[in-house]
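First the structure, in the form of structure tokens, and then the observations on it.
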């Protein structure tokens, strides 16, 4: 997105070792933070064999961590619980042929 849509040089993007390093390097007042937040809001993850939900809980943690970093760049600090709830409700989906596994996954999330 940054290279194609924002015309950032690839060398500029590659200088950051992690996503969190990139987020820390962004200006807090720019529209790019808002754009990245909107992209994250539109992100969906589907686990077609969710079992007990372990993979999805890991995905939720990572998305919440990225959301917190983006909010922190804007000077906002919403509760971690609210971010987790939003992520579970809007970004992740799981299915399994074993109905009890789905129930366990729901409880974990």
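Derivation of every value follows stated rules applied to the coordinates shown; laboratory data play no part. The structure displayed is predicted, hence computed values, not measured ones. Cβ placement follows ideal geometry from the backbone for every residue including glycine, while neighbour counts extend to all protein chains displayed.
Overview of values
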| read-out | value |
| --- | --- |
| Filter pass, residue 46 being part of a loop (DSSP other than H, G, I, E, B) and surrounded by fewer than 17 Cβ atoms within 10 Å (Cβ to Cβ) | no |
| Test: residue 67 is surrounded by 19 or more Cβ atoms within 10 Å (Cβ to Cβ) and touching a residue at least 12 places away in the same chain (Cβ under 8 Å) | yes |
| Selection from region 75-102 of residues that are exposed (fewer than 13 other Cβ atoms within 10 Å of the Cβ), part of a helix (DSSP H, G or I) and over 15 Å from the mean Cα position of the chain (by Cα) | 99, 100 |
| Which numbered condition residue 62 misses (of (1) surrounded by 14 or more Cβ atoms within 10 Å (Cβ to Cβ); (2) part of a helix (DSSP H, G or I)) | (1) |
| Whichever residue in region 20-40 is surrounded by 14 or more Cβ atoms within 10 Å (Cβ to Cβ) and under 19 Å from residue 92 (Cβ atoms) and, among such residues, is nearest to the chain's Cα centre (by Cα) | 40 |
